[in-house]
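Asker: Sending over a structure as structure tokens; questions will come in a sec.
Every number here is computed from the coordinates shown, using simple stated rules; none is lab data. Just so you know, these numbers come straight off a predicted model, no measurement behind them. Because the Cβ atoms are built from the backbone with ideal geometry, glycine has one as well, and the counts that use them run over all protein chains shown.
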Amino acid sequence: MSESEEDMYDSYKSTDEEQELDLDEDEDEIFVEEDDTELNFTDVVAERNRKKNYEVEFNVHSVEGIVKSQDDEIIHVSNILGIQKQHAATLLRHFRWNKERLIERYMDDSGSVLKTAGVITDDSRVPKFMKVYGFVCDICCDDDNDLNTLALSCGHRFCRNCYEHYLTQKIKEEGESRRIMCMASNCNVIVDEKTIELAVSPEIHSRYRTLLNRTYVDDNEYLRWCPAPSCEYAVECHVPNTSLTRIVPTVECFCCHRFCFGCGLPDHQPSICMLVRKWVKKCEDDSETANWISAHTKECGKCHSTIEKNGGCNHMTCRKCKYEFCWVCMGPWSEHGTSWYNCNRYDEKSSQDARDQQAKSRASLERYLHYYNRFANHEQSAKLDRELYNKTEKKMEEMQQTSDLSWIEVQFLKKAVDILVQCRMTLKWTYAFAFYLVRNNQTEIFEDNQRDLEMAVEQLSELLEKPIEAEKITELKQEVLNKTVYVGSRREVLLEDTAKGLSEGRWEFQGFEELHE
Amino acid sequence: MSMALFTKRLAKELSDLKINPPVGIEIEEAETFKSWKLNLDGVDGTLYAGERFALEFRFSPNYPMESPEVVFVGNIPIHPHIYSNGHICLNVLYNQWSPVLSVRSICLSIQSMLSSCTCKEPPPDNSHYIRTARSSPKLTQWSFHDDSV
């Protein structure tokens, strides 16, 4: 890990941890090694031993954390380059927070970096309000002598009112933040954050800060907002985009939403993002159509056109190639002889051949439907299991009343439903995974794992649906606890195997030529 | 407050245009501060000499912080940056707008755009654009690839 990443991480630590670390500064190392819950990047080796193959390291940041880490970066760059903080901020934003590139390019040719980024570092011309005798504002044409005016370091001077209007328009109406330029035509000097604070109302300024935070996260490859509705946390995860074919970086926000850091979709382990995209698209395009085709049509034995029989007799003539055949047995019509209109030739050789051929071309469709139906089934079940949450809550109350179990002792039920829903999500995506997977010796282990998890999930699901009998509560609790642990461990085994396979390049996926170069 | 700036500024621009009109530019109609119509004459010695066009300016109350909507109406000039529905591909009307620009400076920019034209032909994607464009050119995502004309 580079020093800068460490710095970044350090700056993200919550204040609690920081205080603790400060106290234990002298015995920092010992402290880190002893504490199991502490996620510390300096302790990489120990961390790796503990971490499962399918898990990634990540941190969740509050808005305050996001603000602080921006400030730290700005101060750092401002010290290194010897420029004022607001200018360091503009430069960092211009370089999309790629500090290393900024510093390198700045050392190379500071003049051109400043020019393209729209920064003038002239300490003698710090923007401030002033009255200028004889000044006429080019925008509002006001020329009062006590007019307050403001100029950025480019020297283009306008009145205070116009500046406020302009900035308010940019921030409030256009949602602009880091690229607000001087009002003069053809001047690319950026209105720095200090000047904006000076010129706008507190309400607009707070909106401006929010927009800046948003772009900070959006511009940063290793940060992503939690996509859950109205959640304000951002997650930091150092898995680059280029690794997404070998890893499924699944993170969990403080709000409990689990999602993929790579694409932002809900947890889709064990399938990689690329496969998920393709599968979702295929299902949107194909699933309903494929279902209907499968149920209502057959294929011409000769040219394989899809034919729907919409009435009439069994004597079919393909509109495309004029092949005549029997709808019932699929054999050529010419061989039906005198038994026309009453097909009893189902088992004869030529009909059998025709059907075999048909079966082969249908197999790929059926194969897709096989996986799709299972995928859709788990999705549906997971929805029903969420309703189970409500039922479970009632059950938990009931348990507290009918037995001497306390509130804390009935929490196992909720935990069981949590695990159940999570396992269903995993199972769901194993079917997309399996659809694209090329079968070989390796895939058998995967299929066994999939089957084991599937069975365990269904058993736990059934158990949770059972009505509660007061005298059997202790037994039920034990059974649910055992099953929950078992289901969880099955999921772990499956994910461990698939993740390991991904990182080793053990899986081969069909239709992803880009993966196997 | 915004109304005050908007009306004050347009009133000033109007009187300037009346007192000191640029060559080949004339106010046709400016009854309200919502929209103005101006006539634009093709400059002598250019491909548009002797032709007269009409420009319509529509102002929002955020003018001049926000650019005006500017389109040709009626007789539309044939020009590689002007679509046959009157929309004009000119950066200062969109992302390069600055509040110091004015009706006068926009008219002059458009006039010079016409004058520097060497070949009277419509934009290459004209037929596609006019089928898909929204009514206001400000809703189009413009890309400005050619600064020479």
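Asker: Once every DSSP H run of n ≥ 4 in the protein assembly as shown is given -39500 (n - 2.57) and the sum is divided by its residues, what mean residue ellipticity at 222 nm do you get, rounded to the nearest 500 deg cm²/dmol?
Answerer: My calculation for the protein assembly as shown gives -15500 deg cm²/dmol from helical runs alone.
Asker: Mind pulling up the Rg/Rh value for the range A:368-515? Radius of gyration and Kirkwood radius, both on Cα.
Answerer: 1.08
Asker: Now for a different question. Over the range A:206-257, what relative contact order in percent results from Cα pairs under 8 Å that are six or more residues apart?
Answerer: 27
Asker: Work out the charge dipole of the range A:225-292 with +1 on the Cβ of Lys and Arg and -1 on the Cβ of Asp and Glu about the Cα centre, then indicate which of A:Val251, A:Cys273, A:Trp225 is farthest towards its positive end.
Answerer: So the residue furthest toward the plus end is A:Cys273.
Asker: By counting other Cβ atoms within 10 Å of each Cβ, how are A:Ile139, B:Ile78 ranked from fewest to most? Let's see the in-between values first.
Answerer: Working: A:Ile139 23, B:Ile78 16.
Ranking A:Ile139, B:Ile78 by Cβ neighbours within 10 Å, fewest first, gives B:Ile78, A:Ile139.
Asker: Quick one: if you stick a label point 7 Å off each Cα along the C-beta vector at B:Leu139 and B:Asn75, how many nm between them?
Answerer: 3.0
Asker: Helix B:103-115 against the longest principal axis of chain B: what's the angle in degrees, Cα atoms only, rounded to the nearest 10?
Answerer: Relative to chain B, helix B:103-115 is tipped by roughly 10 degrees.
Asker: If we count trypsin sites (Lys or Arg not before Pro) as exposed when they sit in a DSSP loop and have at most 13 other beta carbons within 10 Å, what is the longest stretch of chain B that avoids them all? Walk me through the numbers on the way to the answer.
Answerer: Numbers: sites that count: B:Lys34, B:Lys120, B:Arg134.
In short, B:35-119.
Asker: If I take R0 = 22 Å and measure r between the Cβ atoms of B:Lys120 and B:Asn85 in this structure, what FRET efficiency does the formula 1/(1 + (r/R0)^6) give, to the nearest 0.05?
Answerer: Working: r = 17 Å, r/R0 = 0.79.
FRET efficiency, B:Lys120 to B:Asn85: 0.80.
Asker: Further, regarding this structure: Along each of its three principal axes, how wide is the spread of alpha-carbon positions in chain B, in whole angstrom units, largest first?
Answerer: 44, 33, 25
Asker: Multiplying the sequence separation of A:Lys349 and A:Cys187 by 0.36 nm and subtracting their Cα-Cα distance, what value in nm do you get?
Answerer: Extra length available between A:Lys349 and A:Cys187 comes to 49.9 nm.
Asker: Let me ask something else. Given Cβ point charges of +1 (Lys, Arg) and -1 (Asp, Glu) and nothing else, what value in debye, to the nearest 20, does the dipole of chain B about its Cα centre take?
Answerer: Dipole size: approximately 440 debye.
Asker: At what distance in nm do the modelled label points of A:Glu55 and A:Lys281 sit from each other, each positioned 7 Å from its Cα along Cα→Cβ?
Answerer: 3.4
Asker: What size of dipole, in debye to the nearest 20, comes out for the protein assembly as shown about its Cα centre when the only charges are +1 on Lys and Arg C-beta atoms and -1 on Asp and Glu C-beta atoms?
Answerer: 3980
Asker: I would also like to ask the following. Taking the Cβ-Cβ separation of A:Arg96 and A:Glu462 as r and a Förster radius of 51 Å, what is the calculated FRET efficiency to the nearest 0.05? List each step's numbers first, then the result.
Answerer: Working: r = 52 Å, r/R0 = 1.02.
Between A:Arg96 and A:Glu462 the formula returns 0.45.
Asker: For the residue pair B:Asn95 and B:Ser35, what label-to-label distance in nm results when each label sits 7 Å from Cα along the Cα-to-beta-carbon direction?
Answerer: 2.8
Asker: Determine the gain in length on full extension of the stretch A:Val126-A:Thr402; use 0.36 nm per residue of separation and subtract their C-alpha separation, reporting nm with one decimal.
Answerer: Details: separation 276, 0.36 × 276 = 99.36 nm, distance 7.43 nm.
The span from A:Val126 to A:Thr402 would gain 91.9 nm if fully extended.
Asker: Which lysines have a Cα less than 25 Å from the Cα of B:Lys120, not counting those fewer than 8 places away in the same chain?
Answerer: Once the sequence-local lysines are set aside, what remains near B:Lys120 is B:Lys37, B:Lys138.
Asker: Using only the Cα atoms of the protein assembly as shown, what are the Rg and Dmax in Å?
Answerer: 35.1, 112
Asker: Using a Förster distance of 35 Å, how high is the FRET efficiency between A:Ile445 and A:Lys414, based on the Cβ-Cβ distance and rounded to 0.05?
Answerer: Step by step, r from the Cβ atoms, then E = 0.60.
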